[in-house]
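Notes follow once the structure below has been shown.
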Amino acid sequence: MRPTGKRWWVAAAPLLGACYVYQPLVTGGPQPDARLALDLSDQGRVALVTNVGSDVSRVEGTLAGETPDEYLIRVSDVFAQQGTRTKWNGEVVSVRREYVTRVRERSLSRGRTVATVAGVLGVVVGLAAGTHLAGFGTSGSDRPGSGVGDGQ
């Protein structure tokens, strides 16, 4: 049975995340729908316990809006201080700016992208060579004949 194209995309999906990193904002403020990571202060962790849970150190998601006093985030992930991650489904949470110690924006990492593409190409070439898809290797025997009853 030959795998369908859909299965290959599912298998490759985790590699796409390897191409991105969160970096400090270089512009004055984030653009609408930007992917952000908000690192929370101690005061923020305490104030947001009813909104995002206890012991949260970072909230990640898409910027739904902002005011001079707060960010409105469609939350995708919440990270506890111990490093545990909780997935969210885009619920909108208001985070006051005074509760945030650092704002980072998700951006494409050229280095990680090159490394990921090189790794994927290496696997593809290795599989092609190992399965004779690219014409490498031999058919298994250099002698002529059908292989049935030869040499007996």
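The values are calculated or read from the model by the stated rules, or taken from the named source; none is laboratory data. Not measured: the values here are computed from a predicted model. Here Cβ is always computed from backbone atoms with ideal geometry, including for glycine, and neighbour counts include all displayed protein chains.
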Query raised in the report: Does Thr50 qualify as being assigned to a helix (DSSP H, G or I) and β-branched (Val, Ile, Thr)?
Result: yes
Query raised in the report: If you check every pair at least six apart or on different chains, which have Cβ atoms under 9 Å apart with a residue in the stretch 84-113 that is within 16 Å of Arg74 (Cβ to Cβ) first and a residue that is at pLDDT below 95 and aromatic (Phe, Trp, Tyr) second?
Result: Glu105/Tyr22; Arg106/Tyr20; Arg106/Tyr22
Query - Condition broken by Val93, with the remaining ones in (1) within 21 Å of Gln23 (Cβ to Cβ); (2) buried (at least 17 other Cβ atoms within 10 Å of the Cβ); (3) over 15 Å from the mean Cα position of the chain (by Cα) satisfied - result: (1)
Query raised in the report: Counting just the residues of the stretch 96-112 that are at pLDDT 95 or above and not in a strand (DSSP E or B), which one comes out surrounded by the most Cβ atoms within 10 Å (Cβ to Cβ)?
Result: Tyr99
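Condition check: part of a strand (DSSP E or B), surrounded by fewer than 18 Cβ atoms within 10 Å (Cβ to Cβ) and in contact with a Phe, Trp or Tyr (Cβ under 8 Å, 6 or more places away or on another chain). Does Asp77 satisfy that?
In short, yes.
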Query raised in the report: Applying the selection to the stretch 35-47, what residues are surrounded by 18 or more Cβ atoms within 10 Å (Cβ to Cβ) and either assigned to a helix (DSSP H, G or I) or of a type in the set (Phe, Trp, Tyr) (or both)?
Result: Gly44, Arg45
Query raised in the report: What are the residues in the stretch 1-28 that are exposed (fewer than 12 other Cβ atoms within 10 Å of the Cβ), at pLDDT 55 or above and either over 16 Å from Thr101 (Cα atoms) or not aliphatic (A, V, I, L, M) (or both), if any?
Result: Lys6, Arg7, Pro24, Thr27, Gly28
